[in-house]
Amino acid sequence: MNANSGLKKLLAKEEFVVIAGIGIPRGADFKPLEERYKLLEKKVNAFYIPDNPGANVHLLGLAAAVHLEKLGGETVLELNCRDRNRIAIQSSILGAAALGIPNLLFSTGDHQTLGNFRGAKRVYDVDLTQAIQVARGMRDEKKFSNGEEVAQPPSIFIGAEANPFADPFEFRAALMAKKVEAGADFVQIRAVFDLERFGKWIKLVRQQEPLQKIPILAGIIPLVSVEQAKSLQEAPGMIVPDSIIQRLEASGKPEDEGIKIAKEIIAQVKKTEGVRGIVLHASGMESLVPDLIK
């Protein structure tokens, strides 16, 4: 099947896109996925399908993506390097393209010690940049990574994960440039809470020639409690300023304040040069999304 990316078309027209992360069931049942989809149907441009997020076992992302596509939603399917060697990565690319999944987001994957299978072996046969090179080679050069020909090249729109908030900060933009040079068509970044650091990162990004026109999609997480915010503050590669924690603590309704904060962040990133959309990570909180995107 020839995948047809609506996301690619919207970004080409420089429209601001809204993608919603959707909670993937932790059982062999599509019903929870369908219920979450109905809350967001026709309200967003696409659905982001995470790949065993938090290093916890979920329903296979490819299965979830195919089901949502059948229901009428466009998907962005994550493929991580944690769980796949180069054989599995290339097989997954072919399978996704054959099933009509138009957008693939390549990621490193959450470390297995963060999940409930801490003894699981991580793979990382290729890193994120190499995985993107493999995908582009299959699509554009019609070659597998060993040089053999691909019988039917995959028609895919290639995305790369990036994190402006990890250390060392001064290398973040250069690392993203390598991913774009490897073949990324768009970049999806981790959740933005620290607008000051985000602004500094954007300035560094615009200085890198490969990054001056790349569409950037900013992650947004609506906060609903002080506990959630503090948990994210301790997560690797995340920065949640103390000022946000203080606002939530001072509010009599932390969920309302968290939504207000999310709207403020969206308003700021929307005005930022190079940011062409947002990805709302609201797994389990899909009911909040319609209000955020009004």
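Kindly check whether there is at least one residue in segment 36-53 that is surrounded by fewer than 15 Cβ atoms within 10 Å (Cβ to Cβ) and either among the hydroxyl-bearing types (Ser, Thr, Tyr) or farther than 24 Å from PHE16 by Cα (or both).
No, every residue in segment 36-53 fails to be surrounded by fewer than 15 Cβ atoms within 10 Å (Cβ to Cβ) and either among the hydroxyl-bearing types (Ser, Thr, Tyr) or farther than 24 Å from PHE16 by Cα (or both).
I'm checking my understanding of the structure. Among residues of segment 267-289 that are over 18 Å from PHE47 (Cβ atoms), in contact with a helix residue (DSSP H, G or I) (Cβ under 8 Å, 6 or more places away or on another chain) and at pLDDT 95 or above, which one is surrounded by the fewest Cβ atoms within 10 Å (Cβ to Cβ)?
Residue satisfying both the conditions and the ranking: GLN268.
Which pairs turn up if I take residues in segment 15-26 that are under 20 Å from PRO53 (Cβ atoms) and look for partners that are part of a loop (DSSP other than H, G, I, E, B) and modelled with pLDDT under 95 with beta carbon separation below 7 Å, at least 6 apart in sequence or on another chain?
VAL18/ILE293; ALA20/ALA282; GLY21/ALA282; GLY21/SER283; ILE22/SER283; GLY23/SER283; GLY23/GLY284
Filter segment 62-76 down to the residues that are within 17 Å of the chain's Cα centre (by Cα) and assigned to a loop (DSSP other than H, G, I, E, B), then identify the one that is nearest to GLU34 (Cα to Cα). Explain how you work it out, then say what you get.
Step one: filter segment 62-76 for residues within 17 Å of the chain's Cα centre (by Cα), giving 62, 64-65, 68, 73-76.
Imposing the further condition that a residue be assigned to a loop (DSSP other than H, G, I, E, B) reduces the set to 73-74.
Details: GLY73: 11, GLU74: 14 Å.
Residue satisfying both the conditions and the ranking: GLY73.
Quick one: ALA96 ticks every box in (1) in a loop (DSSP other than H, G, I, E, B); (2) more than 14 Å from the chain's Cα centre (by Cα); (3) in contact (Cβ under 8 Å) with a residue 60 or more places away in the chain bar one, so which box is it?
(1)
Would you please list the contacts, defined by Cβ atoms under 6 Å and residues six or more apart or on different chains, that run from a residue in segment 215-239 that is free of Cβ contacts under 8 Å to residues at least 60 places away in the same chain to a residue that is part of a loop (DSSP other than H, G, I, E, B)?
These pairs meet every condition: ALA229/LEU223; ALA229/VAL240; LEU232/MET238; LEU232/VAL240; GLN233/VAL240.
Under 8 Å between Cβ atoms, which residue pairs at least 6 apart in sequence (or on different chains) link something in segment 272-284 that is part of a loop (DSSP other than H, G, I, E, B) with a partner that is among the aromatic types (Phe, Trp, Tyr)?
Short answer, once both residue conditions are applied: THR272/PHE198.
The values are calculated or read from the model by the stated rules, or taken from the named source; none is laboratory data. These numbers were taken from a predicted model, which means no experiment stands behind them. Every residue, glycine as well, gets a Cβ built from its backbone with ideal geometry; the counts of neighbours run over all protein chains shown.
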